[in-house]
Amino acid sequence: MIEVIFPDGSKKSFEKVIIALEIIGSISPSLKKKSLIAEFNGQPIDLSDSINESGKIRFILNDDKEALDVIRHDAAHLLAQAVQELYKDVQVTIGPVIEDGFYYDFATKKPFHEEDLQKIEKHMLKLAKRGDKIKKEIWQRDKAVKFFKDKGEFYKAEIIEAIPANEDIKLYFQGDFVDLCRGPHALSTSVVKHFKLLKVAGAYWRGDSNNEMLQRIYGTAWQSKAQLDKYLFMIE
């Protein structure tokens, strides 16, 4: 028997292993639609993760404060997906969340320009409206290294090679795009609604001036159009 405890102290028991999404669905279909990720015993998890022991659970809804980083993280992946669909020879590297937004670094022989940002942003909107499912898979490290090398993604393979061989690798798939990531992520790209690409800058691979110069695209993402508009007004 698995017993989960909710923030208000209420409890619910399940006879077998259950995924987080099924737990919230058993309580409220409307909250299920609003949930992005969950926390189990204080650790963030994907809604697709299995709960196989008793513990405390909390669901992060799309209007919660903690949801903003999830949306921005999803936006970074959406940016990388859009770039690779538009520019076939571009390699992806890293794309973290930062204060007020996100960025992603790309390896490309042809620098990005302002017109490229407009084109990429338009494609991101298209992908978000399409709402690709975001699915996580756990792979062995060496399998992941080979996968990315076979795709010509040598920067991503280098990152994975630095991970201890006995550690499993989390890969997140959306459409034809796949990325290494610790997660968690929402279940669909459709959560990224209010965003703007801001600028392009140069950045050295791994922050080392002896390495290749990459193209860094900065963006911002918010939970509402009003928040986005306010931010853009402030930085003008």
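Just so it is clear, none of the values below were taken in a lab; they were calculated from the coordinates. Just so we're clear, the structure is a prediction, and the values are computed from it rather than from any experiment. All Cβ positions, even for glycine, are placed from backbone atoms using ideal geometry, and neighbour counts span all protein chains on display.
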Using Cα atoms only, what is the angle between the long axis of helix 141-150 and the major principal axis of the chain, expressed in degrees (0 to 90) to the nearest 10?
40
Taking the Cα atoms of region 1-92 alone, what are Rg (to one decimal) and Dmax (as a whole number) in Å?
16.3, 53
7 Å from Cα along Cα→Cβ at both W139 and I98: what's the point-to-point distance in nm?
2.8
Taking the Cα centre of each part, how many Å lie between region 52-69 and region 155-203?
20
Cα-based convex hull volume of the chain per residue, rounded to whole Å³:
140
Size of electric dipole in the chain: Cβ of Lys, Arg +1 and of Asp, Glu -1, about Cα centre, debye, nearest 20:
600
What 222 nm value per residue comes from the helices of the chain, counting each DSSP H run with n ≥ 4 as -39,500 (n - 2.57) and dividing by all residues, nearest 500 deg cm²/dmol?
-10500 deg cm²/dmol
Between E85 and N166, the FRET efficiency computed from the C-beta separation at R0 = 41 Å comes out, to the nearest 0.05, as 0.75
Binning every alpha carbon pair distance of region 130-194 at 10 Å from zero, what are the percents per bin?
21, 49, 24, 5
Starting with the highest mean, order 161-170, 190-199 by the number of other Cβ atoms within 10 Å, averaged over the residues of each peptide.
190-199, 161-170
Gyration tensor verdict on region 104-236 (Cα atoms; rounded if a/c is under 1.5, prolate if a/b is larger than b/c, oblate otherwise):
oblate
Which of rounded, prolate or oblate describes region 153-230 when judged by the alpha-carbon gyration tensor and an a/c cut-off of 1.5?
oblate
In degrees, nearest 10, the alpha-carbon axis of helix 225-235 is tilted away from the dominant principal axis of the alpha carbons of the chain by 40
Consider all pairwise Cα distances in region 76-129 and report the whole-number % of them above 15 Å.
47
